[in-house]
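The numbers here are math on the coordinates, done by the rules we state, and not lab data. Worth saying up front: this structure is predicted, and the values here are computed from it rather than measured. Cβ placement follows ideal geometry from the backbone for every residue including glycine, while neighbour counts extend to all protein chains displayed.
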Amino acid sequence: MASAKTGVHVMQLKKVQVPARLQQGDKFFRIEDETGNSNNQVVTLRVDARGFFIQIISENANVENELIDIALVRDTRTGKQAKLPRDAKAREQANLGSPKVQLDRTFTIVWGTEFANVNFINLSCDNKETAQYWTEHVAKTAHNLLAVNASTYDFLLKSHARIVLMADRDGRVATKNVIKTFAQHKEDKKRVESALEACGLPAGKNDSFPAEKFNEEVFFTFYKHLVVRKEVYKIFQKFVGNDSQNQSVHSKKGKHGHEHFKLSMLTGLKEDRHQAEEKLMSVDQFVNFLNKEQRDPRLNEILYPYIDRAKGKEIIIQFEPNKANALKSMLSIDGFLKYLMSEDNSIIPPDKLDLNAHGSASQPLFYKLFSQYLFIGSSVSW
């Protein structure tokens, strides 16, 4: 008789943990191209605490800092696989020494948005150990499955990190960089400017503000004003109170015309948001939401039991930003939104990314591929 799989799976994959050395940074000599031009420069390589970006910070004050998205790193090389400049003058300027030492002390980052069309960043350092250390740990961070398949909230934090890391040498963030990150046309630009003003930040073209004033909580407020999550407010209202405001908004369409309907919708969304922000969801209401709205009714009740109040309180404590609310086991709209964007609600659960979730490592490759195909097919519904 075939053995049944247990519903409990022990995760083997680990989240990204950026070593302190990568966060503090090391100095490298960057070789701009293969001709050894005068732009060769000393730079500091640094990785942010969450492992989102590689910072390339030049010692030349006239050169802008560069950010490389670690998710776009295809390969890291040192030794025989590293890319060296063909020109002898370039190697001499980089002070690489003999051919063997050149390879051992060279660190190459291969990155790009496409697999076939990639860019090379060639760097040299003082010793072999530094090149090997960066080659190993940058590759480990770039190829982490949990990072590549991160939650929506993690990608939101990544956008915040990009903006903060783009601050100038005085630690100020240019408003134009924020607009450039989120706006694709004029309408988007107006929405970004309005969201910045709602956070008490300058929105002028030539304005800037200190990076410390744009922390993660302020950025989350900026996100809420930029992307009105009306579907979240509607669900929240459904479980904590009435939804009559949406009904009154819809009833105005035929009577007052299209323009007034658009204005009513905008006003209604703002009122929905304000009503949701004023209310709190109790632990019983939250558990009711988890078991009736979130839970897949096809799940086996023994292998996947219903959420109880204790688990509901645990989730509230984890995601509720207001500690006073968390102590009372009450969830605000901010905590509710953060929970929905967390890895607990990823399209593909983290444990399914683990190869062990699809069978023993002793099975042939086609078995794992076929198992993954079946899983994806059964998980996605149209």
request  = Mind putting a number on the dipole of region 152-226 about its Cα centre? Charges go on the C-beta only, +1 for Lys and Arg and -1 for Asp and Glu, and I need it in Debye to the nearest 20.
outcome  = 300 debye
Per-pair calculated FRET efficiency, R0 = 25 Å: E187 and V63 via Cβ, rounded to 0.05 = 0.15
message = Going through the cross-link list K292/K338; K189/K224; K292/K313; K176/K213; K230/K352; K180/K323, which pairs have a Cα-Cα distance over 24 Å in this structure?
response = K230/K352; K180/K323
note = If R0 = 25 Å, then K238 and A310, at their Cβ-Cβ distance, give a FRET efficiency to the nearest 0.05 of 0.55
query = Just how large is the dipole of region 281-345 about the Cα centre, in debye to the nearest 20, putting +1 at every Lys and Arg Cβ and -1 at every Asp and Glu Cβ?
reply = 160 debye
task = Could you work out how far apart the two model spin labels at D351 and E197 are, taking each label as a point 7 Å from the Cα in the direction of the beta carbon, and quote it in nm?
result = 4.9 nm
inquiry  = Rounded, prolate or oblate, given the Cα gyration tensor of region 137-191, with a/c below 1.5 counting as rounded?
reply    = oblate
key: Difference of contour (0.36 nm per residue) and Cα-Cα distance, R21 to R172   = 51.8 nm
request  = Take the Cα of V218, step 7 Å along the line toward its Cβ, and report every residue of region 295-333 whose backbone nitrogen sits under 20 Å from that point.
outcome  = 321-322
